[in-house]
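> Got a structure for you, written out below as structure tokens; questions coming shortly.
The values are calculated or read from the model by the stated rules, or taken from the named source; none is laboratory data. All of these numbers come straight from a predicted model, not from anything done at the bench. Please note: Cβ atoms are built from the backbone with ideal geometry, for glycine as well, and neighbour counts cover all protein chains shown. Surface areas here come from the heavy atoms of the whole protein model, side chains and all, with no ligands, DNA or RNA. Shrake-Rupley method; radii C 1.70, N 1.55, O 1.52, S 1.80 Å.
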Amino acid sequence: MQSIWSHYADIHEFPRLEENLLTDVAIIGGGITGISAAHSLARQGKKVAVLESRKVGGGTSGHSTGNLYYTIDKILSSLKSKYDNETIKMVAESRSQALKQIAMWVREYNLDCDFRQVPWHLYSHGKESKSKIDDEYETGRKAGLPMHIIQETEMPVPAVRAVKLDEQAQINPMRCVQELAKKVEGEQCQIYEQTHASSVKEEDDYFKIRTAGGMVTAEHVIHATHTPKGVKVVQTLLGPYREYGIACRTEKKVHPDGIFWGYFDGGQKISTRNYSRNGEHYLIAVGEPHKVGHDEHNEQSIEKLESFARKYFDIQEVVFRWGGQHYRPADLLPYIGSTFRHDREYVATGYSTDGLVYGTLAGMILGDLITGKENPWTDLYKATRKQPAKSASNFLKENLDVAKQYVKEFTVKEDEIDVVDLPKGEGKVVEQDGQKLAVYRNDEGHLQIRSATCTHLKCTVSWNSAEKSWDCPCHGSRFETDGTVIEGPAFHVLPNIKS
């Protein structure tokens with residue numbers, strides 16, 4: 001599976017780290033958060049090293065919708081149960097400043113990333129969710145956003161109520177991060193790809209980040225990996241989810257300009273937009289979220305998006321299919337700042353599906369924290385905040401689910417090792433002599449057998465049939481069929497088991 005953004009990206013090759021390095025700030029992760037933070041710090045005189053385990057911009061950033069907006073994916077009105085109007089207004093203002101920062105980069109550096117200002121829309125397809133639209137309209141207006149009610153006929157699918165917010169934006173996120181990284185790289189900022197951080201330890205008032213090519217020693221370290229690496233308290237406040245996207249080729253533009261979020265009966269929400277480049281036109285649809293590692297047959301989520309696209313739009317074919325990961329915070333706001341463990345170790349996580357704007361905002365906040373500058377949103381998003389009343393229900397929900405996964409280890413036996421009929425390209429968790437094994441048959445017919453125990457906190461991984469990966473249902477770590485870490489808090493590969 002490949003996202004449309006990577007297909008249309010002009011990929012720049014950054015070197016692999018092959019030496020020991022001393023720097024002021026080490027940033028683990030080369031997505032929008034890591035590159036934004038690197039830009040802020042380098043401009044303020046800090047020496048920075050960015051360590052990306054794969055391709056810059058190729059992780060969560062390159063698997064998003066490419067939409068930029070002031071509101072949030074759970075919609076602003078969802079915050080009313082936990083926060084007052086002044087806080088909701090601060091959330092909208094902070095996100096608006098981050099979006100403006102992206103627009104400023106595009107102008108200043110002439111970034112070729114398909115940046116366009118477009119309106120954002122929220123609509124209800126059926127009467128069941130009509131009240132959500134009215135509630136969001138009122139909340140947005142109170143937060144200072146110029147939302148307005150519009151005719152339902154302006155929506156791309158039948159609707160009963162709709163609102164609009166002008167001057168939002170869209171980009172190709174992979175091109176944006178790649179282009180910005182090329183501008184940031186230089187004497188103050190060194191960027192490395194294919195450089196996996198295998199551990200982070202503090203020694204003699206410095207952080208030591210171990211990689212296969214060399215040791216990075218830094219005064220400060222930022223975990224810009226969507227969820228922090230290793231074991232962190234904040235991980236108990238996060239719910240890991242996957243969501244899917246498709247891009248459908250069309251003969252001409254079949255979708256109006258802008259960002260469109262539709263609520264459908266049953267609570268389903270689907271985001272749609274158009275994208276054109278090199279004379280090709282596409283309809284993009286994103287939705288169908290589920291908890292990581294809880295749905296083996298993930299291809300069904302993609303099939304539902306394809307059925308939706310064919311039902312409402314004149315598409316020629318589905319060309320690109322992809323999945324993206326996000327982490328939902330217990331109190332609905334991201335965690336950005338220093339950790340409980342150390343005031344020079346920083347995290348930026350819990351973005352939900354709003355990571356392009358929140359990642360940019362995190363770069364701004366962390367840059368100011370490390371250089372000692374005041375930032376108006378530091379306290380709002382600080383990672384060590386304690387808000388038990390606001391976090392309780394989601395905290396219990398996510399951690400009871402994690403507990404269930406561990407209990408399952410002792411109460412449910414996986415299939416005994418019988419993989420004779422396992423088809424090519426498929427995986428299965430089996431048990432042999434009390435050990436859980438992750439077994440995959442490759443395209444040549446050979447079995448690849450890894451330990452099925454996640455190297456983060458020992459949960460058993462599950463097979464993801466759509467994306468051909470081993471996914472951990474506890475904290476969202478994901479692994480290739482050969483055991484290599486794709487994403488999540490795990491540092492280490494799934495160990496190889498001889499068959």
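> Suppose the chain between GLU187 and ARG277 were pulled fully straight at 0.36 nm per residue; how much longer would it get relative to their current alpha carbon spacing?
That pair, GLU187 and ARG277, stretches by 29.0 nm at full extension.
> With an 8 Å Cα cut-off and a minimum separation of 6 or more residues, compute the relative contact order for the stretch 31-174 in percent.
The normalised contact order for the stretch 31-174 reaches 29 percent.
> A further question follows. Using 18 Å as the Cα-Cα cut-off, could you pick out the over-long pairs in LYS229/LYS458; LYS269/LYS291; LYS130/LYS253; LYS74/LYS130?
Over 18 Å Cα-Cα: LYS130/LYS253.
> Put +1 on the Cβ of each Lys and Arg and -1 on the Cβ of each Asp and Glu in the chain; which of MET155, HIS12, ASN442 then has its Cα farthest toward the positive end of the dipole?
MET155
> Cysteines of the chain lacking any other cysteine beta carbon under 4.7 Å?
CYS189, CYS248
> Can you tell me what share of the DSSP beta bridges in the chain is antiparallel? A percent to the nearest 5 is fine. Display every interim value, and only then the final one.
Working: 80 of 105 bridges.
Restricted to the chain, the bridges split so that about 75 percent are antiparallel.
> Still on this structure: Can you work out ³J(HN,Hα) from phi for every residue in the stretch 135-141, in order, using Karplus 6.51 cos²θ - 1.76 cosθ + 1.60 and θ = phi - 60°, giving whole Hz and x for Gly and Pro?
5, 5, 4, 5, 5, x, 5
> Along the Cα→Cβ direction, 7 angstrom out, place labels at ARG310 and GLN432. What is the inter-label distance in nm?
Going by the 7 Å Cα→Cβ label model, 4.1 nm.
> State the percentage of accessible surface on the chain attributable to carbon and sulfur atoms; use a 1.4 Å probe and exclude ligands, DNA and RNA.
That share works out to 46 percent.
> Under 21 Å from the Cα of LYS182, which lysines turn up, not counting those fewer than eight places away in the same chain?
Of all the lysines, those that pass the test against LYS182 - Cα under 21 Å, at least 8 places apart if same chain - are LYS46, LYS47, LYS55, LYS100.
> Through the Karplus equation 6.51 cos²θ - 1.76 cosθ + 1.60, θ set to phi - 60°, convert the phi angles of the stretch 124-129 into ³J(HN,Hα) values in whole Hz; use x for Gly and Pro.
10, 6, x, 5, 4, 10
> For ARG249 and ARG385, compute 0.36 nm times the residue count separating them, minus their Cα-Cα distance, and round to one decimal in nm.
In short, 44.4 nm is gained.
> Right, next: Any idea how far apart ARG16 and SER81 come out in nm if each label point goes 7 Å out from Cα toward Cβ?
Between ARG16 and SER81, the label points sit 4.8 nm apart.
> Right, here's the next one. Amide H to amide H, which residues 5 or more places from PHE260 or on other chains are under 5 Å from it, using H placed in the peptide plane?
When sequence neighbours closer than 5 places are left aside, the close amide H contacts are HIS121, THR272.
> Using a 1.4 angstrom probe, figure out how much accessible area the chain has per residue, in square angstrom, rounded to the nearest whole.
Working: 20330 Å² over 499 residues.
About 41 Å² of surface per residue is accessible.
> Hey, another quick one. Placing +1 at every Lys and Arg Cβ and -1 at every Asp and Glu Cβ, with all other atoms neutral, what dipole size does the stretch 106-252 have around its Cα centre, in debye to the nearest 20? All intermediate terms of the calculation are to be shown ahead of the outcome.
On the way: 20 positive and 23 negative charges, 97 e Å.
With only Lys, Arg, Asp and Glu charged at Cβ, the dipole is about 460 debye.
> Compute the label zone of ASP112 within the stretch 171-197: residues whose backbone N is under 13 Å from the point 7 Å along Cα-to-Cβ.
Backbone N within reach: 175-176, 179-180.
> A follow-up question, please. So, taking all protein chains as they sit and a 1.4 Å probe, how much accessible area belongs to VAL106, in Å² rounded to tens?
About 20 Å², rounded to the nearest 10.
> So how much slack lies between SER131 and GLU374, counting 0.36 nm per residue of separation and subtracting their Cα-Cα distance, in nm?
My answer for the length gained is 83.5 nm.
> Could I ask something else about it? Beta carbons within 10 angstrom, averaged per residue: use that to sort the peptides 258-265, 192-199, highest first.
Output ranking for 258-265, 192-199: 258-265, 192-199.
> How high is the relative contact order of the chain? Use alpha-carbon pairs under 8 Å, at least six apart in sequence, and give a whole percent.
In percent, rounded to a whole number, it is 18.
> Also, quick follow-up: Using θ = phi - 60° and the Karplus curve 6.51 cos²θ - 1.76 cosθ + 1.60, what whole-Hz ³J(HN,Hα) does each residue of the stretch 348-354 get, with Gly and Pro shown as x?
Using θ = phi - 60°, the values come out as 8, 7, x, 7, 6, 9, 9 Hz.
> Which value in nm describes the separation of the simple spin-label points at ARG210 and ILE150, placed 7 Å from the Cα toward the beta carbon?
Going by the 7 Å Cα→Cβ label model, 5.5 nm.
> Can you give me the long-range amide H partners of ILE27? Hydrogens built in the peptide plane at 1.01 Å from N, cutoff under 5 Å, separation of 5 or more residues or another chain.
Here the answer is ALA49, VAL50, LEU51, ILE222, since their amide H atoms fall under 5 Å of that of ILE27.
> Let me ask something additional. Which one, VAL357, ALA309, PRO240, is farthest towards the positive end of the dipole of the chain when Lys and Arg carry +1 and Asp and Glu -1 on their Cβ?
The Cα lying farthest towards the positive end belongs to VAL357.
> May I pose another question? Out of residues 5 or more away from MET215 or on other chains, whose amide H comes under 5 Å of its own, with H placed 1.01 Å from N in the peptide plane?
Close amide H contacts, sequence-distant or interchain: ASN20, LEU21.
> Considering only the other residues whose Cβ falls under 10 Å of the Cβ of VAL216, what net charge follows from Lys and Arg at +1 and Asp and Glu at -1?
Neighbour charge sum, excluding VAL216 itself: +1.
> Relative contact order (percent) for the stretch 168-301, with alpha-carbon contacts under 8 angstrom and 6 or more residues of separation? Walk me through the numbers on the way to the answer.
Details: 156 pairs, mean separation 22.3, N = 134.
It rounds to 17 percent for the stretch 168-301.
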